[in-house]
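Structure first, commentary second.
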Amino acid sequence: MNDLEKSERAFYDDLLETMRQTGEIGDVFPRMVAYNVPAYVLGVFWPEEKRRLIDSGEFPAFCIAETGWKGRIENISSRLSTEEGNVLRFEKSYVMECDTMYIVANTDSGLALCRVPRNNSTQTWTSRQEPSVVFKSSDGKVTRDHFVVKGLLTLAANQFLPLSRRQYTVAGITIPRREISGIALLSLALLEHHGISVEEMNSRRSALLEKRSEGLDKDSVTIATEIFRFFQKKAEGIHLHPFWERAAGMYRTA
């Protein structure tokens with residue numbers, strides 16, 4: 001079964017077991033991001049496109065961050081102009097290596113979620129050259145780097161979905177909660193890989209998994225932060241991928 005078809009519990013049961021076995025963030029993090037963000041957004045707003053994505057087997061990336069956007073949708077400069085025949089001009093600052101980008105762009109009337117296949121001849125992909133966002137699988141077969149991507153292209157009518165800013169706000173609140181909770185769950189599985197007991201966090205882990213299935217709220221962020229603080233204490237002395245230091249910043253601002 002494709003990851004994107006799995007329930008929250010089934011997906012995380014599989015993901016956490018992989019982390020316990022290999023201890024390699026590159027085996028699990030790209031999968032989790034694809035599940036947490038583009039699959040979630042498509043499921044909420046564009047279910048027929050999610051079905052197309054699943055059937056295609058393409059690896060997706062959700063692309064919203066831009067230089068200077070500061071996490072605010074009104075600061076996005078990428079733009080889809082319907083008056084020009086659906087011309088999309090974009091520059092996104094953190095794009096995971098992928099087959100298909102789902103780009104959030106401004107329009108004259110609100111926002112658009114745009115499906116853009118990777119095309120090296122019409123797009124500029126520049127690696128960020130940051131070790132914290134380069135992920136290699138334990139078997140060495142897959143590497144997922146992050147890029148700054150620029151592009152200019154014309155979209156077909158079935159390649160974008162208009163959204164209001166108000167519509168997107170709901171997803172915009174939920175996405176960070178999905179990211180924060182997912183990373184916290186991975187952190188416990190990594191400790192288990194190294195033979196470190198996480199028994200005192202078992203009830204918190206169960207509660208967080210339940211909230212992922214039923215709906216993430218403010219309390220889920222509190223639980224995830226508690227778990228990650230536990231991880232930081234227990235992981236002292238373990239050689240960690242630089243991703244984990246980057247991830248710590250998410251909990252400082254949560």
* Asked: Just from the alpha-carbon atoms, what are the Rg and Dmax of the range 128-192 in angstroms?
  -> 17.4, 48
* Asked: Can you give the alpha-carbon Rg of the range 51-90 over 2.2 N^0.38 Å, where N counts its residues?
  -> 1.54
* Can you check what the Kirkwood hydrodynamic radius comes to for the range 113-222, Cα pairs only, in Å to one decimal? => 17.9
* Rolling a 1.4 angstrom probe over the protein heavy atoms, how many square angstrom per residue are accessible across the range 83-124? -> 39
* Can you tell me the 0 to 90 degree angle between the C-alpha axis of helix 218-234 and the longest principal axis of the chain, rounded to 10? => 50
* To do: Could you tell me how many degrees, from 0 to 90 and to the nearest 10, lie between the Cα long axis of helix 8-22 and the main elongation axis, the longest principal axis, of the Cα atoms of the chain?
  => 60
* Asked: Averaged per residue, what accessible surface does the range 1-63 expose to a 1.4 Å probe, in Å²?
  -> 39
* To do: Quote the convex hull volume per residue of the range 162-226, based on C-alpha atoms, as a whole number of Å³.
  => 87
* To do: Can you send over the carbon and sulfur percentage of the accessible area for the chain, probe radius 1.4 Å, protein chains only?
  => 48
* Asked: Cα-based Rg (one decimal) and Dmax (whole number) for the range 198-254, in Å?
  -> 12.2, 36
* Asked: Taking the range 161-254, which GluC sites (Glu not before Pro) meet the DSSP loop condition and have no more than 11 other C-beta atoms within 10 Å?
  -> GLU236
* Calculated from the structure, Cα Rg over 2.2 N^0.38 Å equals which of (i) 1.26; (ii) 1.02; (iii) 1.13? -> (ii)
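The values are calculated or read from the model by the stated rules, or taken from the named source; none is laboratory data. Remember, predicted model here, so these are calculated numbers, not experimental data. Ideal geometry is used to build each Cβ from the backbone, glycine not excepted, and the neighbour counts take in all protein chains shown. Just the protein is used for accessible areas: all its heavy atoms, side chains included, with ligands, DNA and RNA removed. Shrake-Rupley method; radii C 1.70, N 1.55, O 1.52, S 1.80 Å.
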